[in-house]
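This report concerns only the one structure given below.
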Amino acid sequence: RLGWTAEEVDMQLEALMKYGARLAEQLDFDLASPLSEAEMGRIFHYYLPVFMWAVQQLMVHTAAHAQGGGQPPTPPLVLGISAPQGCGKTTLVEQLEGLFAFAGLKAASVSIDDFYLTYAEQRRLAEEEAPGNPLLELRGNAGSHDLALWEDTLQALQRCTGPGARARVPRYDKSRHGGRGDRAPEADWVEVEGRVDVVLLEGWMLGFEPVGAERAAAVHPGLPAVDARLGAYSKLWAKYVESCFVVRVGDPAWVGEWRLQAEHQMRAAGKPGLSDEEVADFVARYMPAYSAYLPGLYAGRGVGGAPPARVLELEVDQRRSPRRPGGA
């Protein structure tokens with residue numbers, strides 16, 4: 001997928017082995033015995049190639065800033081990560097952050113989920129602005145995010161170009177209100193200090209583009225209201241996302257099983273989570289968006305302002321989530 005020849009791999013072999021060993025440590029693999037085929041694949045066929053590609057994108061970003069007459073220091077690259085729920089976006093971001101730090105660079109992560117409306121605001125949306133629309137009754141679809149907070153946060157991170165710079169990143173607590181979720185108190189937000197080289201922006205709907213009311217209505221009667229709100233998101237993609245990594249799934253229906261796994265893990269950890277029935281109901285509210293918008297995302301048009309040449313795509317063609325060993 002990176003287009004590397006065997007000769008180029010040989011040239012990069014020392015770096016690949018160094019970062020591969022680092023990944024094995026980050027993933028808590030048992031280094032006392034040889035890694036399994038699944039563990040090797042997870043490192044050398046997934047996380048590591050994505051990291052090497054991300055480094056390439058950072059180099060392109062830095063060069064373009066200088067060639068365009070931009071003055072140093074270079075603002076951070078905003079790298080999008082788009083994947084349906086349960087695909088292991090959080091795990092991937094954690095590994096990338098660790099590798100960037102190991103390379104002497106700093107990455108800050110931001111999830112679209114961090115910008116969901118507060119519980120009270122979401123209830124107001126459902127009851128006053130979109131009464132009777134199941135797609136806007138709960139968090140998730142376009143319209144259930146605080147876009148002003150989102151853009152303010154991205155701008156603050158882009159100003160993190162040197163010592164003394166600061167940005168605060170909101171966090172969302174999905175376990176609150178019996179699993180319905182709410183924005184975490186500001187005391188729990190993440191404080192980012194100093195220079196940031198890369199902003200990792202991940203989300204299940206990153207890169208979705210409106211299809212128009214008629215096509216949206218053909219998918220679900222409540223989708224036109226979502227589609228109308230999606231235009232503002234599209235402007236954010238175009239304004240901030242320069243490059244994007246897309247996880248392409250063979251069947252969006254797998255999302256339900258992956259979400260079920262996540263909720264079981266949350267409950268096993270002692271946190272409130274949705275019941276299996278609530279998970280099924282919750283995921284059903286996302287399916288119309290997947291049906292309407294994934295084809296356009298997968299058509300290779302690029303994401304927002306990112307040309308197709310700056311999009312890396314991984315295809316998941318089996319039902320096991322790539323967050324788990326052997327899953328991609």
Self-check item: Unmet criterion (only one of (1) open to solvent by 20 Å² or more (accessible area, probe 1.4 Å); (2) within 20 Å of the chain's Cα centre (by Cα)) for Ala38
Solution: (2)
Exercise. Go through the range 1-26 and give me each residue that's over 20 Å from Leu105 (Cβ atoms) and not small (Gly, Ala, Ser).
Key: Arg1, Trp4, Thr5, Glu7, Glu8, Val9, Asp10, Met11, Leu13
Quiz prompt | Filter result (open to solvent by 10 Å² or more (accessible area, probe 1.4 Å), within 20 Å of Trp204 (Cα to Cα) and outside any strand (DSSP E or B)) within the range 94-117 | solution = Glu94, Gln95, Glu97, Asp113, Asp114, Leu117
Exercise. Collect the residues in the range 39-62 that are among the small types (Gly, Ala, Ser) and within 21 Å of Ala101 (Cα to Cα), keeping them in residue-number order.
Key: Ala54
Quiz item: Restricting attention to the range 252-285, and to residues there that are of a type in the set (Asp, Glu) and without any contact (Cβ under 8 Å) to a residue 60 or more places away in the chain, which single residue is nearest to Glu202 (Cα to Cα)?
Solution: Asp281
Quiz item: Picking from Ala24, Ala54, which residue would you name as being in contact with a strand residue (DSSP E or B) (Cβ under 7 Å, 6 or more places away or on another chain), in a helix (DSSP H, G or I) and not acidic (Asp, Glu)?
Solution: Ala54
Quiz item: Yes or no: Arg310 modelled with pLDDT under 90 and out of contact with any Asp or Glu (no Cβ under 8 Å at 6 or more places or on another chain)?
Solution: no
Practice problem: Mind counting the residues in the range 147-180 that are under 20 Å from the mean Cα position of the chain (by Cα), more than 17 Å from Glu191 (Cα to Cα), open to solvent by less than 60 Å² (accessible area, probe 1.4 Å) and small (Gly, Ala, Ser)? | Solution: 1
Self-check item: Any chance Leu96 is touching a Ser or Thr at 6+ places or on another chain (Cβ under 6 Å) and at pLDDT 95 or above
Solution: no
Quiz prompt | Odd one out for Arg301, checked against (1) among the charged types (D, E, K, R); (2) within 30 Å of Val198 (Cα to Cα); (3) modelled with pLDDT of 80 or more | solution = (3)
Exercise. May I ask you to list the residues in the range 128-170 that are charged (D, E, K, R) and modelled with pLDDT of 95 or more?
Key: Asp146, Glu151, Asp152, Arg159, Arg166, Arg168
Practice problem: Sort out which residues of the range 1-21 are open to solvent by 60 Å² or more (accessible area, probe 1.4 Å) and either out of contact with any Pro (no Cβ under 9 Å at 6 or more places or on another chain) or in a helix (DSSP H, G or I) (or both), and write them in order of number. | Solution: Gly3, Thr5, Ala6, Glu7, Glu8, Asp10, Met11, Gln12, Leu13, Glu14, Met17, Lys18
Practice problem: Determine whether Val78 is outside any helix (DSSP H, G or I), open to solvent by less than 30 Å² (accessible area, probe 1.4 Å) and either in contact with a strand residue (DSSP E or B) (Cβ under 7 Å, 6 or more places away or on another chain) or among the acidic types (Asp, Glu) (or both). | Solution: yes
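The values are calculated or read from the model by the stated rules, or taken from the named source; none is laboratory data. Owing to the predicted nature of the structure, the values given are computational and were not obtained by experimental measurement. Cβ sites come from the backbone with ideal geometry, for glycine too, and all protein chains shown count toward neighbours. Ligands, DNA and RNA are excluded from the accessible area calculation, which covers all protein heavy atoms including side chains. Shrake-Rupley method; radii C 1.70, N 1.55, O 1.52, S 1.80 Å.
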